[in-house]
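The values are calculated or read from the model by the stated rules, or taken from the named source; none is laboratory data. Note that this is a predicted model, so its numbers are computed, not measured. We place every Cβ from the backbone using ideal geometry, glycine too, and count neighbours over all the protein chains shown.
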Amino acid sequence: MLQLVALLATTIPVLLVSAGPASAGSGCPRHDGSSRCYARGVLNQYDNLHAIGADLYVNCLHVEDRRRDFINLEMWLRTQVNTSIPAWVEIGMTAGTLTYSPGKEQGFIWFWADNVGAAYYEHYIGPAYVRTWTNVSFYWEGNGWWGVYNGGRRVGGSSVGAYPGVASIGAEATTDRVALDGSARNWMYRDRVQGIWGTVSPNRSIEGDPLVLNASVGSGSVAAWTPRWACGGPPPSSATETDASLPGTAREALPAVARRLAGVAGDAAPGAMRFVQSTRREAARSVMSAEVDTDEPVYVVEVDGTFSRRALQGTTSVTGTKLIAVVEANTGRVLDWGTTKAASSLSKLGAPVALS
């Protein structure tokens, strides 16, 4: 499997073509962190896709107000297309808000995330860097699971189910105050029937103002950029920013972290909060039905509330009654978090302790 991941990073040359007419749509610019615009290449391959991957690169990835907005360059895979259930897995680079930068508020990081029905979770991978090609891939592993790869390393496992149908690569932003020069190359997929790798020939999709965020597509490639704000001048620093300061120890900071995340998820006055101690791998598997690649000691926080967040392509809202956050015990960094409508599963990890 890892040999195939490496193959993706070394084969198809880049071939970009001119962008076609843009489609009108809603989205950017609205300076509230909730509206979205997209510029992507899209592959429709109904239930005939068992792996997909590409190399991603940014010359710059910048948002003016990282406290409130974000911009991503990423790859998405939609699954369960034989049903009406919103299910997908995504991986990419982000600059901006805590919503898309778990544990790195206002950071520049790699992340992955998934959604099944009303359960949406984000997972921190590590720091991101400009001017560096990195392969990202999803591999079907059976029984509803997909392996999530970054740089040839399995960084997670997502239980978003079978029937993959739509894959896309491109940019997502919440504001027009962004600068991006990014691209993808060697975009390939492995078909389900013959197990043969093929080059993606994507369609171009613009959702929002093409003067804010635009894209072109070619054989196995996508380019995304911001016409109104070229990179120009010094690029964003390749060094990640420091974590937001937390009061006292990580344990003492849990109530503040929980309330901050609840506000991001749409409930500024959440209900009861509780936590248990565990390890990251066990927490992800037992509470989020996901797999991660590190296993440090963590606090797992659960918050009651009424949560609502914009979902894929901004067409629906992801709602939930529970918020889950996995907080690194030694640093206070948020490693994984999300919302769900499922009943509490915190007791699988131990006896919950109330937070106030």
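Would you check if there is a residue in the range 192-204 being surrounded by fewer than 20 Cβ atoms within 10 Å (Cβ to Cβ), closer than 29 Å to Ala118 by Cα and in contact with a Leu (Cβ under 7 Å, 6 or more places away or on another chain)?
Yes, there is a match, as at least one residue in the range 192-204 is surrounded by fewer than 20 Cβ atoms within 10 Å (Cβ to Cβ), closer than 29 Å to Ala118 by Cα and in contact with a Leu (Cβ under 7 Å, 6 or more places away or on another chain).
Would you check which residues across the range 270-284 are without any contact (Cβ under 8 Å) to a residue 24 or more places away in the chain and out of contact with any Asp or Glu (no Cβ under 6 Å at 6 or more places or on another chain) and list them?
If the condition is that a residue be without any contact (Cβ under 8 Å) to a residue 24 or more places away in the chain and out of contact with any Asp or Glu (no Cβ under 6 Å at 6 or more places or on another chain), then no residue fits.
With the checklist (1) touching a Pro at 6+ places or on another chain (Cβ under 8 Å); (2) modelled with pLDDT under 95; (3) in a strand (DSSP E or B) in hand, flag the one item Trp187 doesn't pass.
(2)
Kindly indicate whether Pro164 is buried (at least 24 other Cβ atoms within 10 Å of the Cβ) and outside any strand (DSSP E or B).
Judged against the criteria, Pro164 is a match.
Give Ile71, Ile85 a once-over and let me know the one that is of a type in the set (A, V, I, L, M, F, W, C), buried (at least 24 other Cβ atoms within 10 Å of the Cβ) and either touching a residue at least 12 places away in the same chain (Cβ under 8 Å) or under 18 Å from Asn214 (Cα atoms) (or both). Quick ask: steps written out before the conclusion?
Numbers: Ile85 fails: buried (at least 24 other Cβ atoms within 10 Å of the Cβ).
On inspection, the qualifying residue turns out to be Ile71.
Of all residues in the range 46-67, how many are assigned to a loop (DSSP other than H, G, I, E, B) and either in contact (Cβ under 8 Å) with a residue 60 or more places away in the chain or crowded, with 19+ Cβ neighbours inside 10 Å (or both)?
8
Against the definition (in contact (Cβ under 8 Å) with a residue 40 or more places away in the chain, farther than 20 Å from Ser158 by Cα, surrounded by fewer than 18 Cβ atoms within 10 Å (Cβ to Cβ) and among the aliphatic types (A, V, I, L, M)), how does Ala351 come out, yes or no?
yes
Outside any loop (DSSP other than H, G, I, E, B), out of contact with any Leu (no Cβ under 7 Å at 6 or more places or on another chain) and under 25 Å from Gly338 (Cβ atoms): does that describe Tyr149?
Yes; evaluated as a whole, the condition is true for this residue.
I'm told Gly208 meets every condition in (1) under 30 Å from Ala118 (Cα atoms); (2) surrounded by fewer than 24 Cβ atoms within 10 Å (Cβ to Cβ) except one. Can you identify the failing condition by its number?
Unmet for Gly208, out of (1) under 30 Å from Ala118 (Cα atoms); (2) surrounded by fewer than 24 Cβ atoms within 10 Å (Cβ to Cβ): (2).
The conditions are (1) polar (S, T, N, Q); (2) buried (at least 19 other Cβ atoms within 10 Å of the Cβ); (3) closer than 21 Å to Arg67 by Cβ, and Ser308 fails exactly one of them. Which is it?
(2)
What are the residues in the range 152-161 that are among the polar types (S, T, N, Q) and in a strand (DSSP E or B), if any?
Quick first cut of the range 152-161, residues among the polar types (S, T, N, Q) only: 158-159.
Hit for the range 152-161 is Ser158, nothing else.
Has the range 167-179 got any residue that is over 20 Å from His62 (Cβ atoms) and not in a loop (DSSP other than H, G, I, E, B)?
Checking the range 167-179: at least one residue is over 20 Å from His62 (Cβ atoms) and not in a loop (DSSP other than H, G, I, E, B).
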